[in-house]
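The values are calculated or read from the model by the stated rules, or taken from the named source; none is laboratory data. Computed from a prediction, not measured in an experiment: that's the story for all the values here. Ideal geometry is used to build each Cβ from the backbone, glycine not excepted, and the neighbour counts take in all protein chains shown. For the accessible areas, the whole protein counts, side chains as well, though only heavy atoms, and no ligand, DNA or RNA atoms are used. Shrake-Rupley method; radii C 1.70, N 1.55, O 1.52, S 1.80 Å.
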Amino acid sequence: MEISPEDVQQDGARKKVVFSVSDVSIDDARENTSRLMEWPTNKLIMLLRLVRQERTERYNSLRIIKKGMEQKGDFKEYAEIAGEDYEYWTRKAWVLENIIRDRSGTFPEKITDDYICKIIASVEKFNQKPMVINQNAKCIYGAKKEEADG
């Protein structure tokens with residue numbers, strides 16, 4: 001296995017992770033599952049947020065059409081289209097949730113602005129945290145190893 005030069009880190013530095021909220025659009029959701037599985041998890045989370053919003057809009061449209069049908073309107077064709085759209089976006093949300101769940105064991109129930117801000121803060125925190133071994137722990141480990149060997 002080869003490691004690309006940008007993946008090699010030195011002096012305890014971590015590879016920088018970027019959590020961008022702007023480079024995902026609802027059109028990206030139309031990608032097939034295989035392609036979506038290649039996406040980084042942070043982009044999938046942002047896409048899931050958009051897909052859930054789209055699904056909510058389709059549900060609300062379906063509800064309005066149903067009310068129109070109750071008023072003896074001829075909306076059957078629109079109801080079928082709205083129902084198919086709602087089903088499509090529901091299934092797309094499930095696909096994204098399953099990909100995220102396969103990677104992390106869970107998926108976010110709600111993706112609020114606060115949730116995204118917390119993720120961004122966490123990413124920035126860990127981007128700055130160096131990878132160093134605590135020398136005190138190293139000495140303790142070394143002493144225990146010598147006692148075991150002796």
Task: Failed item, numbered, when Thr56 is tested on (1) on the phi < 0 side of the Ramachandran plot; (2) at pLDDT below 90 - done: (2)
Open item on the list: Considering only the stretch 64-82, I want to know if a residue exists there that is without any contact (Cβ under 8 Å) to a residue 40 or more places away in the chain, within 21 Å of Asp27 (Cα to Cα) and either in contact with a helix residue (DSSP H, G or I) (Cβ under 6 Å, 6 or more places away or on another chain) or among the aromatic types (Phe, Trp, Tyr) (or both).
Closed with: yes
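Residues Glu2, Glu57, Glu38: which one is open to solvent by 60 Å² or more (accessible area, probe 1.4 Å), without any contact (Cβ under 8 Å) to a residue 12 or more places away in the chain and in a helix (DSSP H, G or I)?
Result: Glu57 is the single residue among Glu2, Glu57, Glu38 that is open to solvent by 60 Å² or more (accessible area, probe 1.4 Å), without any contact (Cβ under 8 Å) to a residue 12 or more places away in the chain and in a helix (DSSP H, G or I).
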Open item on the list: Please verify whether Arg49 is of a type in the set (Lys, Arg), in contact (Cβ under 8 Å) with a residue 24 or more places away in the chain and in contact with an Asp or Glu (Cβ under 6 Å, 6 or more places away or on another chain), treating the condition exactly as stated.
Closed with: no
Task: Residues located in the stretch 106-134, provided they are of a type outside the set (Lys, Arg), in contact (Cβ under 8 Å) with a residue 24 or more places away in the chain and in a loop (DSSP other than H, G, I, E, B) - done: Phe107, Pro108, Ile111, Pro130, Met131, Val132
TODO: Look at the stretch 11-22 and say how many of its residues are open to solvent by 80 Å² or more (accessible area, probe 1.4 Å) and of a type outside the set (Val, Ile, Thr).
DONE: 4
- [ ] May I ask you to verify whether Trp94 is exposed (fewer than 15 other Cβ atoms within 10 Å of the Cβ) and aromatic (Phe, Trp, Tyr)?
- [x] yes
Open item on the list: So Arg35 passes all but one of these: (1) of a type outside the set (Val, Ile, Thr); (2) modelled with pLDDT of 95 or more; (3) closer than 25 Å to Asp114 by Cβ. Which condition number does it fail?
Closed with: (3)
TODO: Of the conditions (1) part of a loop (DSSP other than H, G, I, E, B); (2) touching a Gly at 6+ places or on another chain (Cβ under 8 Å), Val24 clears all except one; give me its number.
DONE: (2)
